[in-house]
Every structure is written in C-alpha cells, then in structure tokens.
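Working notes for the structure below.
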Amino acid sequence: MIERPYTVVKRLAPAITAALGVALLSISAAMPAHAGPSGHPPLHGSSDAKLWDTQLFFDNNGTPWSVSDFQALRAKGITGAEIDLPWGGIEPSNGTYDFSELDTELANAAKAHITLVPIFWQSGWSGSPASWETDREVTSDGATGVAPAWWGGGQAAYLSYVEKTVRHITHEPGYGGSILDYGFLDAQWDNQGTGGWAATDVDEFHAHYLPDHFHGIAAFNAKYGTTYASFSEVPAAKPGEPLADVYQAFRSWSVEDTYGRMTAAVRKVTDGPLYYYFGGHLANAPSYANNPDTFFSLASRYDVTVIVDAAQSPGLALTFGSLARAYGVKLAQEWTAPDGAAALNAQAAQWVANYGLGLPEGGGEDFFIHDGTDKDVYGYPIYTSWLSTLKSLDGSYPSQPVALYIDVSQGYDNSAGGSLVNVENLITTAWDRDQSGFDIVTSQEIANGRADLSHYRAVLPLNGQDARIAAYASHGGVVLNDDSQLTDYAPAYAQLTSAGALQVVPTVAADGRSAQIVVAEVSSVYPYDGSVVLRTDGLNLKKGAYHVVDGTTGRPLAQSVTNDGGLCVPTKLDSAGLAYWRVVAGPIPRGTPAPLTCPVTSGSAESTVSVTAGAPGEGMQFLGLGQTGHGADGNLTETTQGGTAAVETWTSSQSGAPTSNVYLQVDPSSAVAAAADIDLTVTYWGSAGQGFTAQYDAPGDPYHAAPSVSSAGSGTWETQTVRLSGSQLSEAQNLSADLRLVAKDATQPLIVASVSMSVAKE
C-alpha cells in the first residue's frame, strides 16, 4: 500500500531524460469559457475545464516538444500537457522576455489538438528562481533558505513575470490555462527548513500585518497579556516560543494575500482556466502554511481549479473532495510518487480510484511527471488505460449527514505539527475500515460560512474539541469518540472482507437510481480474495431492487442478496488490480451465478505472521527496504550480521531524520490483523545502548507505544517478546505500516533478523 508521509512529497528536479518520443515511448465570479484551437472544440474551458494531462519538462533536452511528441500523448487519450516554465529562461534579465520557445511549443501542441498548461514556479524547479533574483529566505534557525524571501524585492518582479507571460500567451491556440505557484515548489514556504524569517518578512510583520490586524498595540497586549510599547517590539516568534501562533498566522496570511494579488492580476488579462497546486499534506500547515481553505476560498472567488498533490492518499483526497463540494470549486488530482518506489503500481491504482471522491466537482487528473523513469513504466499505462473510464464518471460521491472535524487552528502552534500530525491518516483509517460517505469539515470552512455542524447527525473530532464542538454538543449534537461509531449514523456503502487492501469508490447518478463503482486493490503485496457487500442506503440510492453489472460489458456479476438486503459480490483482485462496476435498477437477472457463501469470511485466518530478513514474508513484510530518501525515517538496508541475514535502519546522520524505524505491514486478511491483543517477537543484534520501542496502530492512536526493550549489549542476537494490547491494525502509520520498531539510539543502526506476531493467548 502507499506511503502516507507526514511531510511533503518532494518534487525533485532530475536531469532531462531522453526525447519524449523515445521515453514514451467568498463569492465565485464565473468567467466565460476560453476558446480552443481554431476549428476544434475547446479542450479546456474555465469553470468546466478538466485536466486529462501529464506534466512535462519545459522542453526536450533544449529542443521544443514537437508536433509528433504531442500527437503521441493525444493517442493515449491525454488532452493536455503541463510544462514547467523556467523563470530565468522566459525572463533572462529583469524586465527582458524571450517567449520564442514557449510560442513554438504552444503552436506545436495546437496542431496536435493538445493544450499546454504552463506551470509558474517561483523557486525549486526548472530554472526558477531566475539567476538575477538573489534575495533568499531565512529559516527559523537563521540559516539561508533556497527560495527567494517571501516579502523580498523579488515578489513584485515575480508577479510581473507571471502577469506578462499570461498576457502574452492567453490568446494562443494551444493555451489551456496556467498553474499559479508562489514560494518553494507547490509547498509555499521553503521546505529546506521552515522559512519566513528574512528581514523583509519580519519588516512586513511589524509594519503592516500587526497594525492592520490589531489596530493598536493596546489591543494586541490585551489579547495576549503582553506589555509591548509598539508593534516593532513584538517578536517574530519561532516554533515552540511564546507568540509562535501569531507569527504563524502572519505566514498563513502572507500566502492568502500573495496568491490573492497574483490571481487578481492574472484574471485581469485572461478568462482562461487557472489552477492552484496544493503541495504537501495536512500536517505540513505549521511548516508550509498550506492551509487548504486558503486555496479553496481564493479559488471560489477567482474561478480557479485546485489540484491536490499526492492524491493517492485517501485522507487527503477525501478532505479535498469535501472541501471542493463545500466551496463549489473544481478539484483535479495528481499522483506524485517518488521514482523507484516499490509500490508504484498499487499507488497508481489507488490514485486512479480516488478520482470519484471529488465528484461532482471533478476537475480531471494530472500525471507527475512523464519523464521516462519508473513512473512511466508502471503508473503511466494504468493511468492512460483508465482515462476513458474516468472521463465517463458522472454523478456525485455519496454524502451522509456525518462529519469528521479538523480544528485547523492547531496548525498555528508551529512547534511539531501541532495536533494536525495524524489527522490525514486517521481519516484514511476510518474510511478503510467502513467505507461510508462521511464529510470532512474544517474549522476554517465553518468560519468562512461554507459549513455548519448543525446539519450533521453526528460529528467525530479528529484533533481535539474546540468551542465549535462544544456549541454543537450543547444544542443536542452527537459528538463521537471513535471511528467505530461512524456507521451507527452513516451506513457504509461498502463492507469488505478485510480492510486496508481494497478501496471502493462510488459515484451516484443525479436521479439516485444507479451508481458507478471503481474498485482498486491497493496493497503492493497482498491480493484481495473475499467479497464486497454494497448497500443501497449507504449509496443514497432510492428504494427498490438493484443488481451489479460489469461497468464495461453490462453483464451481471456473480452476486447474491444478503439477509439484510446488501448486494454481495465475490471479489478477487491481485495487487494493483482495478475493476469497474455499475449498480443498476432491477432484481438480479435469472441465471446470474450466485456464490455458495457470501459475505466471505477473512481469507488466511493465520494466527501467526512473520518475516525473516532475506526471505519472503509469511503474512508480514518489512517496508522501506532499499529506500534512500533524505529525511525519511524508515530507510532500511539489507546486511549480514554474525553470519545471519538482517536489515538495518539508517542512522540519523545518514537520513537526516531525528528517528530511525523499522516499519512493518501485516496481511490485512490474517487473524493477526483483526486481533486486539498480539504478542510481538523480535530478534535483533544486541548493541550497547541500543534497543527499541514497538509503536503500533490502536484506536485513535496509530503510534501507541508498547513497553520499551533495551539491549544487554551482548554483541550477539537477542530475542524479546512484548504484548501489544488493544491493537487495531489499519495501516495508519507512515508507509502504510501497522507497526514500527523505533530505535532507542538513532545514531547507530538497529539491526533486525526476524519479526513475528501471534494472536495473544490468555
């Protein structure tokens, strides 16, 4: 299954590969639709624009992409290409522009009936920033950052570059809109260390933000219990310091203000499609100030489509789908996977299936990046083969009157992710277990008037109870304590034999009498062999008889009606398998095969699972083996210790991460995965000062800690067994792990030969 990181999926700029032919080879102000190439219908409109695109480098090793290059994309069903504009290439010196290559590519794309969507990067990609822009951000610890200072002199120059470039290309036949970014890549603030402390940033904080938001130092002192004589004395507080939330609020406002001014300027020169990237994950708000509602509020005002990066994360896709519906904003989804990942097929299948989570506000898909690397070998064929099906999806993701609530203000603490650290994974876990159409509501969404908790029968707070939850409860609202209570108020539309390996994503027709279903096997290792029970009440279908057919052929699938009225479909899919079904009106046709038993019980029912280094796992596997990501806390290397095959963690000095972990995943169909109490046995090398703490997935806490184990420093293999009590293994940790072994001393490797888990016996 996919990695679910708490940090941004970084866009690293690899060297240009071989030629594409070889490598492939709030009020919303609606804008009129943008005209397409002469003689052809528009491939992108404005509000109705949809990306069925792939991202490309700016050119093909210094040569403009040719007509034949774009024709090859079109032959795969792709209708647009996003190209990474190099700021320095378009504006080689301040105020001097060279549009010649861009113009050629736009013309070539138009001839192939492809539209180009330029991506404006301020920093971090494809010749950005321009070499003449030398001002740099400063991190919270005083180091020089990699992006231009947010409020530095380069801001006006960059916004001018964006506006002038869009003005030049907006009426070109091949123009399909623009993606507007500011900051480092699509993560806003510098991700090489939390940026925002350049002198110009602090000056803006003192000279404009504080006076505009507090209207006098006395008001500020009254709110925060301080005694400052002027705003210039208020500290630009760093993470963990008093008043850190004030400076974090300034950083977040900076994103809103800058994107708003940039978009307003561009809207004056084009009525074509515009897009925002959302980079990172929900837990990144303290570091990146990437609050989702900021982008949806602006998108609603300026008729912009939001593109969610790393949309293979169900928690992220579910959140953004809910926000898109609340704000009435189109949502496109991008797959951003690290090249060389072991689970590329499964990640791609998961991303494809997640598209329906954004309907009816679906804005298409964006494949990152078509460059001839492993993503093209594995993910690209899955994407292109499913394009026609994705384009055919119509209707809405079913919504039940139950909400998961996120207090976004916790992201302003800026100390260690506040209380936003686990919310994305908690959403995924709740949905994996009982797939139902709950909404995701944020505190900012309510403040913006886009949601009201009183509309919900029940609410589950994900990161603490604030004043809004207290008010909801005081007026009779039901506040839930655990995701297991969700189906009492929101019936699941799909019940699975085992959670974690299969995703079922429905879109229900407007008349409520049919539904399209995309089923994805999202485990990179374990196949799914069981059943799916579809429930018409969870799908919001009108009362009546229904049956399930193959979505392509229309032939009825083997199925039966359960005692409580569900439609049970035996389902067998290998890793990364995808299926397309339809639920249609009418009883099951005569002659349709009926399974002997349905629902099917858990597959393997193994009461013990294990993995030994150098050998295939038996219902269990090491994760992160062979991974080399900087900053990753789960990189593992194969080694031999004392003549025995083993795996070892990277040290903190190797990875740059503060902790070192052995991540493990359990077969979701095993009895161990369903057990509440488990005995964990680990054989590890007894190094002086080393040991581990097993952290495992438990209700509401994906990193619940078992008692720690310390090595005797024997210099030999040692074996320890610990009890994991009250477990609920749902793959909610990083890398979709069920548990991890946290090295006691991250400065030296934790070396492990084998791990086993057994259902505990009293």
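For the range 421-451, a residue qualifies if it is assigned to a loop (DSSP other than H, G, I, E, B) and either surrounded by fewer than 22 Cβ atoms within 10 Å (Cβ to Cβ) or modelled with pLDDT of 90 or more (or both), and the qualifying residues are VAL421, ASP434, SER436, GLY437, PHE438, ASN448, GLY449, ARG450, ALA451. Listed by first and then second residue, the pairs linking a residue in the range 130-145 that is closer than 14 Å to PRO92 by Cα to a residue that is open to solvent by less than 30 Å² (accessible area, probe 1.4 Å), with Cβ atoms under 6 Å apart and 6 or more places separating them unless they lie on different chains, are ALA130/TRP87; ALA130/GLY88; ALA130/GLU91; SER131/GLY88; GLU133/PRO148; GLU133/GLY154. Pairing each residue of the range 188-212 that is buried (at least 18 other Cβ atoms within 10 Å of the Cβ) with any residue that is among the aliphatic types (A, V, I, L, M) and part of a helix (DSSP H, G or I), provided the two are 6+ apart or on different chains, yields C-beta distances under 6 Å for GLN188/VAL255.
Contact annotation: residue pairs with Cβ atoms under 8 Å, 6 or more positions apart or on different chains, pairing a residue in the range 684-709 that is within 17 Å of VAL421 (Cβ to Cβ) and hydrophobic (A, V, I, L, M, F, W, C) with a partner that is modelled with pLDDT under 95 and assigned to a loop (DSSP other than H, G, I, E, B), are ALA698/GLY726; ALA698/SER727; ALA698/GLN728.
Quick one: would you say SER710 is surrounded by fewer than 24 Cβ atoms within 10 Å (Cβ to Cβ), over 30 Å from GLN485 (Cα atoms) and over 33 Å from the mean Cα position of the chain (by Cα)? Answer is yes for this residue. Report yes if TRP151 is of a type outside the set (Gly, Ala, Ser), open to solvent by 10 Å² or more (accessible area, probe 1.4 Å) and part of a loop (DSSP other than H, G, I, E, B), otherwise no. When the stated conditions are applied, TRP151 passes them.
Per this entry, LEU486 is not counted among residues that are closer than 30 Å to PRO242 by Cβ, open to solvent by less than 20 Å² (accessible area, probe 1.4 Å) and of a type outside the set (Val, Ile, Thr).
Among the residues of the range 655-683, the ones that are crowded, with 24+ Cβ neighbours inside 10 Å, part of a loop (DSSP other than H, G, I, E, B) and of a type outside the set (Ser, Thr, Tyr) come to 2 in all.
Counting only residues that are of a type in the set (A, V, I, L, M, F, W, C) and under 25 Å from the mean Cα position of the chain (by Cα), which one in the range 516-547 is surrounded by the fewest Cβ atoms within 10 Å (Cβ to Cβ)? Within the range 516-547, the match that is surrounded by the fewest Cβ atoms within 10 Å (Cβ to Cβ) is VAL525.
Give TRP65, TRP52 a once-over and let me know the one that is closer than 27 Å to TYR276 by Cβ and in a loop (DSSP other than H, G, I, E, B). From the options TRP65, TRP52, the qualifying one is TRP65. Looking only at residues in the range 516-555 that are part of a strand (DSSP E or B) and of a type in the set (Asp, Glu), which one is modelled with the highest pLDDT? Once the filter is applied, the top-ranked residue is ASP550.
Regarding ALA585, is this residue of a type in the set (A, V, I, L, M) and closer than 30 Å to SER388 by Cα? For ALA585, the condition - of a type in the set (A, V, I, L, M) and closer than 30 Å to SER388 by Cα - is met. Are there any pairs with C-beta distances below 8 angstrom linking a residue in the range 552-569 that is within 11 Å of PRO593 (Cα to Cα) to a residue that is in a strand (DSSP E or B) and hydroxyl-bearing (Ser, Thr, Tyr), with the two at least 6 apart or on different chains, and if so which? Correct list of pairs: VAL569/SER531. Considering only residues in the range 493-515 that are at pLDDT 95 or above and part of a loop (DSSP other than H, G, I, E, B), the one that is nearest to the chain's Cα centre (by Cα) turns out to be TYR493.
Name the one entry in GLY691, GLY686 that is at positive phi, open to solvent by less than 40 Å² (accessible area, probe 1.4 Å), at pLDDT 95 or above and not β-branched (Val, Ile, Thr).
It is GLY691.
Reported count of residues in the range 315-346, each being at pLDDT below 95 and open to solvent by 10 Å² or more (accessible area, probe 1.4 Å), is 7. When ALA237, ALA289 are checked against the criterion of being aliphatic (A, V, I, L, M), buried (at least 23 other Cβ atoms within 10 Å of the Cβ) and in contact with a helix residue (DSSP H, G or I) (Cβ under 6 Å, 6 or more places away or on another chain), a single residue qualifies: ALA289. Which one is nearest to ASP407 (Cα to Cα), of the residues in the range 452-473 that are at pLDDT 95 or above and within 22 Å of the chain's Cα centre (by Cα)? Here the answer is PRO461. In the range 556-654, counting only strands (runs of 3 or more DSSP E) that sit wholly within it, none holds 1 or more residues that are surrounded by fewer than 16 Cβ atoms within 10 Å (Cβ to Cβ) and in contact with a Pro (Cβ under 6 Å, 6 or more places away or on another chain). Residues in the range 358-375 that are under 12 Å from VAL329 (Cβ atoms) and either outside any helix (DSSP H, G or I) or of a type in the set (A, V, I, L, M, F, W, C) (or both): PRO360, GLU361, GLY362, GLY363. Kindly indicate which of GLN312, GLN410 is open to solvent by less than 30 Å² (accessible area, probe 1.4 Å), modelled with pLDDT under 95, within 30 Å of MET262 (Cβ to Cβ) and not charged (D, E, K, R). Exactly one residue qualifies, and that residue is GLN312. Scanning the range 122-139 for residues that are modelled with pLDDT of 90 or more, polar (S, T, N, Q), touching a Phe, Trp or Tyr at 6+ places or on another chain (Cβ under 8 Å) and assigned to a loop (DSSP other than H, G, I, E, B) yields GLN122, SER128.
The values are calculated or read from the model by the stated rules, or taken from the named source; none is laboratory data. Small disclaimer: the values here were computed from a predicted structure and weren't measured. So basically every Cβ, Gly included, is an ideal-geometry build from the backbone, and we count neighbours across all protein chains shown. Each accessible area value is taken on the protein alone, full model and side chains, heavy atoms only, with ligands, DNA and RNA left out. Shrake-Rupley method; radii C 1.70, N 1.55, O 1.52, S 1.80 Å.
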